[in-house]
Each structure stands twice: as structure tokens, then as C-alpha cells.
Amino acid sequence: MTADAAGPAPTVCFACGEPVVATDSFCESCGAELAPLEVSDGRGGASPVCESCSSAHISPDGYCESCGQKVRSGRDHQEADLGKVAGVTDRGLRHHRNEDAMALGTANTAAAGPAVVAVVCDGVSSSAQPDEASLAAAQAAAGVLLAAVRTGRDLLEAAPAAVRAAAEAVAGLGRPAGPLLADPPSSTFVSAVLTSEAAILCWLGDSRAYWLATGPGSAAQQLTKDDSVAQELVAAGLLSEADALASAQGHVVTRWIGADLTNPEPHVMRFEPPGPGALLLCSDGLWNYEPAAAKLAELALPAALTDPLGAARTLTSFALDAGGMDNITVVLAPFPVSADPMPRRRQR
């Protein structure tokens, strides 16, 4: 295969070495998927890097040879960097496992140009198998969204279809040969497909999306509205946001992905960025410590515009330093979306 002189730059398939172009989703020679999803499943990836000093010199028993810190592995701490989007998910300091999950993907299509797909899910701790629920939901939904981008499907229609796929995947976890579990696997959900024109957002629960910017006419803002008791108390004028979140029921979600969901229709919105900035998806492990969009923008920018993984690490470290009471997941995608291929890295 040869690329048109005015078209995308040629490269080679990582599996067979045959020529491919940036807009290919699969290698025509061997069928390999050229830009597969990155999912925080705790498997595969490049050599780990120390979270404390960034050294790559890790001993066989998992200790940094530069600073001596124990380097976590698997789902306890995982990073993904696809250039156009990057994310970090971390167990935090108090939980015994990471019940958050993320799935990231990118595409370069001839019709729509470059695009980013991102999903963040937070397993509901009071339900069965919350860690499996978040992972199943994130992976299933991101697969639907990435396929929609590649095939040119209407993204406003694809977003709820992705939620239905996620719900089916989660419901499948709670289908033993017997009655439905009393507390079947459940998860919150937030997704984004970011193109050169707009972001299509979809959510259920209290995982959030933010627009981060500091320039004139492009103020940072929270894009999603929580499905939670706290949000209902605020909307009813009964409590301030701070008091509602501090209340005993402040973090109880009212909608989620799971077999016992009574209202499966998610929120879907289109957001057109007014200028350069970054899209942030996160679980409540981050925004518990800083819910204000402007403050999050101060922490993430300007680094997020050119180094989304570095900025995601900064936000994760902020939440850990503030207490790390919950699992933390941070995903950042700079806007405008870069059309240039960038290195893919992943740390376990």
C-alpha cells in the first residue's frame, strides 16, 4: 500500500512491517489493529517507572533502585499515553484495590480527521465485583465509541449505544445460575469523543467531565452534572454544594450502570470548545479534593496542552497528597486534537 503524496504520511505495521497510513484502522496485510484501545486491566505495557523519582531502574522484586520506593503494579497504578490523550488511574491510600477503570483510544479518519475516545468508570463499592464492573463497562463502551469514530457513525447516537453495551457487559458479571444478586455489579460512567469540532459527552453517576482553559473567553467549567443525592440537595436549595458533599448521603449516586438500574438513559451533550484547552475526565477521587474547574485548570495547565500524561500525574499526585481516600482516575485530552502521530507509552 502506498500513500497519496498529499495524504497521510506512511508508516509500517508493528506486527508484520508492511506499509500502512495514519488513517488505517487495521493492517490490510495481516489484519492487526493498528491503534487498539488502552485499557487499565493491569496487564501488559512497558517497563514500570517509579512514581516518586521517574526512574526506570526497577529491581526484580519491584523496588526503585534510585530512591528505594516500592513501585506498584497491575491495577494499583496504571498509566496510558497515546499522545492525543493520556490517563492515570491509582488505588489511592486507603482502599485495598482499585475499583476505577479507564479506556482510551485514538483514530485518524479521512473524513473527520483526528479523534480521541476516553471512558472513565468508578465501581460502586457497595455492589458486588465493583472492580470488574468498572473495567467491563469502560472496555465495552470504548470499543463501541472507537468503532463509531472509524465508521463515521453519528456520535450523538453512538454515545447511548456505548452505554447500553457497557450495561450489558456489567449485567453479564452478575448472571450466575440463580437469582439476580441483591447488589449486582454497578459502576458510574463518563465518556467523551473529542474531534476537531466538538466533544460528545455521556454520563451516569458522579464521574465528571471538565473543560480546562485559562484564556480570555474560554473559562474553565464543569460540563457534567452529578447524578447524586448531593446534587439533588443542591438543586432543591436545601444545602450548599460544600455542605451537601459533606453530608452522610453526599456521595450516594442516584443513577449508574448495573442490572438494577431503573433509568438506563444516560445524559448526552455536545460541547464545542471555544479555543485551546484540555478536556478532563475524572472519578470522584480527584474532584473530592478540588471540585472547582478553575482550580483544576490552575493545577493542570499549561502542561496539559503539550504533556497530558505529565499533567495527569500532577493531578493524581495532588489527590494523593490531599489524602488519597478514594481511587483516583484522571484522563486529559488537549484541544485542538493533534493530527500528528505521537509515541504510545504505557506503565504498569
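The values are calculated or read from the model by the stated rules, or taken from the named source; none is laboratory data. Because the structure is predicted, anything quoted here is derived from the model rather than measured. Positions of Cβ are generated from backbone atoms using ideal geometry, with glycine treated the same way; all protein chains shown enter the neighbour counts. Accessible surface is based on the protein model in full, side chains and every heavy atom, while ligands, DNA and RNA are left aside. Shrake-Rupley method; radii C 1.70, N 1.55, O 1.52, S 1.80 Å.
Which of (1) within 28 Å of R94 (Cα to Cα); (2) under 14 Å from the mean Cα position of the chain (by Cα) is the odd one out, the single condition A278 does not satisfy?
The failed condition is (1).
Go through (1) modelled with pLDDT of 95 or more; (2) part of a loop (DSSP other than H, G, I, E, B) one by one and return the number of the condition P176 breaks.
(1)
State all residues of the range 165-174 that are crowded, with 17+ Cβ neighbours inside 10 Å and without any contact (Cβ under 8 Å) to a residue 60 or more places away in the chain; if no residue qualifies, say none.
Scanning the range 165-174 gives A165, A169, L173.
One line per residue, one yes/no per condition, for (1) part of a helix (DSSP H, G or I); (2) open to solvent by 60 Å² or more (accessible area, probe 1.4 Å); (3) at pLDDT 95 or above; (4) not β-branched (V, I, T):
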position	(1), (2), (3), (4)
L299	yes, yes, yes, yes
S317	yes, no, yes, yes
L320	yes, no, yes, yes
A333	no, no, yes, yes
P341	no, yes, no, yes
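Assess whether A162 counts as being part of a helix (DSSP H, G or I), modelled with pLDDT of 95 or more, open to solvent by 10 Å² or more (accessible area, probe 1.4 Å) and touching a Leu at 6+ places or on another chain (Cβ under 8 Å).
no
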